[in-house]
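Note sheet for the following structure.
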Ligand code: NYM
Ligand code: MG
């Protein structure tokens, strides 16, 4: 159908704690979208393959130390460097699926105690997601999925802080909670259902202060 091809792409964001299953489900959603006949790309943040993401990766793996403000800005810069790609894809009808976005950026930095007003503005101007799929996982289930890794930021204490902060960023206008304790197939189904309900009639919006 002609109309389908002219429809814009959608910006779909997966957010949630470590071990909530975001990466697995983001990948599956992209596969399902492609199988359904649309085009879609997956973008993980941080993009560890890019020059900026590589610096972040080295910090996370404990190879280098970094000032926390600088780290926060690198995470934001990593996203801004993908702004053009995201907008181009969406204009061409390609869905962009992000494994984390600015809500991870704000949550982790607030959890570390960085200044609130400052943390909340550095992603202002990014493309605004059409939907944030907020993966909610219980600590028990997260632990049963292999516990924490050995990267920086994956300590139980910081995760507990992030778990408190991230829900406060929720905006009911475009955030949908996903029960990430459920089995893989059930989560996949819930995600795809939410995907099919997306409204593409308005142009992609711009993020204001978070
Ligand atoms: N993280 C991720 C941040 O602290 N700020 C951000 O803006 C983003 C996108 O990086 N522990 C943290 C959360 C994770 C870590 O992410 C790497 P992943 O999804 O584990 O590769
Ligand atoms: Mg991780």
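Laboratory data are not the source of any read-out in this text; all were calculated from the coordinates shown. Being a predicted model, the structure only gives us computed values, none of them experimental. Cβ coordinates were reconstructed from backbone atoms using ideal geometry, including for glycine residues, and neighbour counts include every protein chain displayed.
Numbers below:
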item: Residue tally, condition under 21 Å from residue 119 (Cα atoms) and not in a strand (DSSP E or B), over the range 195-206; result: 1
item: In the range 135-165, residue nearest to the chain's Cα centre (by Cα) [restricted to those that are in a helix (DSSP H, G or I) and within 11 Å of ligand 1 (Cβ to nearest atom)]; result: 162
item: Total residues in the range 119-157, condition in contact with a strand residue (DSSP E or B) (Cβ under 8 Å, 6 or more places away or on another chain) and within 16 Å of ligand 2 (Cβ to nearest atom); result: 2
item: Scope the range 48-80; condition surrounded by fewer than 18 Cβ atoms within 10 Å (Cβ to Cβ), within 16 Å of ligand 2 (Cβ to nearest atom) and within 27 Å of residue 206 (Cβ to Cβ); matching residues; result: 48, 49
item: Scope the range 166-194; condition assigned to a helix (DSSP H, G or I) and either closer than 17 Å to residue 23 by Cβ or touching a strand residue (DSSP E or B) at 6+ places or on another chain (Cβ under 7 Å) (or both); matching residues; result: 166, 184, 185, 187, 188, 190, 191, 192, 194
item: Residue 91 under 25 Å from residue 30 (Cα atoms) and either within 9 Å of ligand 1 (Cβ to nearest atom) or surrounded by fewer than 21 Cβ atoms within 10 Å (Cβ to Cβ) (or both); result: yes
item: Criterion (surrounded by 22 or more Cβ atoms within 10 Å (Cβ to Cβ), closer than 28 Å to residue 187 by Cβ and without any contact (Cβ under 8 Å) to a residue 60 or more places away in the chain) met by exactly one of 109, 104; result: 109
item: Matching entry among 28, 19 (being buried (at least 20 other Cβ atoms within 10 Å of the Cβ) and under 17 Å from the mean Cα position of the chain (by Cα)); result: 19
item: Filter result (closer than 16 Å to residue 78 by Cβ and in contact with a helix residue (DSSP H, G or I) (Cβ under 7 Å, 6 or more places away or on another chain)) within the range 108-133; result: 108, 109, 119, 122, 123, 126, 127
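Each row is one residue, and each column tells you yes or no for (1) farther than 17 Å from residue 208 by Cα; (2) under 19 Å from the mean Cα position of the chain (by Cα).
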{"residue": "117", "(1), (2)": "no, no"}
{"residue": "121", "(1), (2)": "no, yes"}
{"residue": "133", "(1), (2)": "yes, yes"}
{"residue": "172", "(1), (2)": "no, yes"}
{"residue": "180", "(1), (2)": "yes, yes"}
